[in-house]
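Take a look at the structure below.
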Amino acid sequence: MMRGGAPRREKNDLYARILEVIKRDPGRARITRISYAVGMPVDRLKTALGRLADHGLVLEAEFEEARVYLVTERGLRFLDAYWLLKGFTGELEQPTRTGK
Amino acid sequence: MEPRHLPRGRTALGSVDGDVTSDGPATIYPATGDRIEVSGSLELEGDLTVEGGLSCDALTVRRGDLRVQGPLLVRHALVVRKGRAEIEAGLTAERVEVARLLRCGGEAEAREFDVGGEFRAERSVKAEVVGVGGRLDVLGTLTARRATAGGALRAARVEAEEVEAGGSIEAGQGTVQGKIDVGGFFESSGAVAFGRLRVGGRAVLGPGSRGGDIAVGGQLRSGGPVEFGDVEVGGLVELGPGAKGRSIEVGGRVSAEGALELTGRLESGGSARITGDLSALEIEVGGSFLAGSAVLTGEAEVGGRIETARGLKASRIRVPNRGFVRGPIVGEEVVIGKDSECGPVWARHLLVRPRAKVGAVHAERVEVESGAEVESAEYTGSCRVAPDARCRTAPQSVASLAPPPL
């Protein structure tokens, strides 16, 4: 159960990192730039971006003769939910006042 | 004028009138003194190493890395299209664009920094706009109108109008006049002044921090006195002593070590625990409420236990059915719910619902309903006790009530 759960969380962390990078560079997020920002090779990044696009979290666009990525409304909702859950997860990991 | 073409290997350059180019990796060093002066631009296809300082009109490295062992002054744009730029001393340019990594050992100043990967500044950075795809790390002061990082942003001190990061922001201290916007985590070790703070995950405010509205998805913590506007938090709020603000709305629980001063509401879906004195307009707490004392100008509505050392004062207090109150309560209108247990009460109008047990009662008008039990009752107006309710000592009509503790 645990072995099945952990990799999924890591993937979500990675997806969130990619989305944050694209979100903060509107119109200029080319694949090489995202790769430098996330610190991930372009071939692996392409797979991840393909998955994000399949789920409607990013979309590809042409901007100044270059292919760039944009975060969709659904992608922004994913980010909100991701960070909110991260905050709650952190809260649950805190010891309570009774030490339990 | 023909540009000066650099051969491979090391070349001594003094003062160059015009442009400089190279097709491959090149190393240049000052022919005299410690600096090379180029009146035009440098355009390079490979790596460039400068063994000393360099000043030029523009500098472009198309492929490869740039390494400058002294100060670098570029009157227009410094562009490193695919690689890294490492400047051992200060960097001054109109515009800096680096694909992978920009490392600067001295002060860095430009109108705009645009770095795809990482920007590491060992001293301060001064710019109008700083945009970094990945990580921005400033060991000194970051001064900018706007600074953004897709990943993490860290600075010993921030002086900016707007700061934004996808992953996290860590700031020692500083002022952000407008918004701080972070997807993940925000932490300031010292005092940070801000216009607005929006954090997706967790925020930690250093002592002395003050600002406007705060919205946090997960948790908000502060270790010392802080000042804020309206706070909205999804998870939990933990405040240090001396917190002051307009209002707090939290989905989970709220706690304050010491006093908490609000001009507006305190609303908590879970519990609220204030070890010192709370002052607020009103409270709405879903779970238990614990405080040294609480003085409210409006209403107190608590779903769980109410425990205070010195009392709870509000214009209207509703103790829920099966509720429990420890410590005195003082209000204009007080309703003690069915099957509740409550200590002493001061009220203008007190209603004790069926089967509730109440301590000493001091009120203008008292109504005790069926099966309820009151330790003693003094009143200045009227006292109605249901036939099967019990008053341990006979209710006493008095000219004036015993003074309330709050």
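The values are calculated or read from the model by the stated rules, or taken from the named source; none is laboratory data. Every value quoted in this text rests on a predicted model; they were computed, and no experiment measured them. Cβ sites come from the backbone with ideal geometry, for glycine too, and all protein chains shown count toward neighbours.
Numbers for the structure displayed
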item: Members of region B:103-118 that are more than 11 Å from chain A (Cβ to nearest Cβ) and touching a Ser or Thr at 6+ places or on another chain (Cβ under 8 Å); result: B:E107, B:A108, B:E109, B:A110
item: The lone exception for B:A121 - which of (1) of a type in the set (A, V, I, L, M); (2) in contact with a Cys (Cβ under 6 Å, 6 or more places away or on another chain); (3) within 13 Å of chain A (Cβ to nearest Cβ) it fails; result: (3)
item: Single residue of B:G178, B:G151, B:G174 found to be over 14 Å from the mean Cα position of the chain (by Cα) and either surrounded by fewer than 24 Cβ atoms within 10 Å (Cβ to Cβ) or not aromatic (F, W, Y) (or both); result: B:G151
item: Filtered residue count, region A:24-42, keeping only those that are part of a loop (DSSP other than H, G, I, E, B), within 7 Å of another protein chain (Cβ to nearest Cβ) and surrounded by 17 or more Cβ atoms within 10 Å (Cβ to Cβ); result: 2
item: Leading residue by the ranking (nearest to the other protein chains (Cβ to nearest Cβ)) among those in region B:182-197 that are in contact with a strand residue (DSSP E or B) (Cβ under 6 Å, 6 or more places away or on another chain) and modelled with pLDDT under 95; result: B:G184
item: Filter result for the condition that a residue is surrounded by fewer than 23 Cβ atoms within 10 Å (Cβ to Cβ), more than 21 Å from B:G172 (Cα to Cα), at pLDDT 95 or above and away from chain A (no Cβ under 11 Å), over B:A93, B:A77; result: B:A77
item: Wholly within region B:25-139, strands (runs of 3 or more DSSP E) carrying at least 2 residues that are farther than 25 Å from A:A29 by Cβ and among the aromatic types (F, W, Y); result: none
item: Among residues of region B:232-248, those that are outside any loop (DSSP other than H, G, I, E, B) and away from every other protein chain (no Cβ under 14 Å), counted; result: 7
item: Residue in region B:204-214 that is facing chain A (nearest Cβ under 10 Å) and either under 29 Å from A:L14 (Cα atoms) or buried (at least 24 other Cβ atoms within 10 Å of the Cβ) (or both) present; result: no
item: Test for B:E128: is it surrounded by fewer than 21 Cβ atoms within 10 Å (Cβ to Cβ), without any contact (Cβ under 8 Å) to a residue 24 or more places away in the chain, more than 14 Å from chain A (Cβ to nearest Cβ) and farther than 16 Å from B:I180 by Cβ; result: yes
item: Residue match in region B:219-226 (condition: surrounded by 23 or more Cβ atoms within 10 Å (Cβ to Cβ), in contact with a helix residue (DSSP H, G or I) (Cβ under 7 Å, 6 or more places away or on another chain), within 14 Å of another protein chain (Cβ to nearest Cβ) and in a loop (DSSP other than H, G, I, E, B)); result: no
item: Of all residues in region A:65-90 being part of a strand (DSSP E or B) and within 13 Å of another protein chain (Cβ to nearest Cβ), the one that is nearest to A:R24 (Cα to Cα); result: A:V71
item: Flag if A:E62 is at pLDDT below 95 and more than 10 Å from every other protein chain (Cβ to nearest Cβ); result: yes
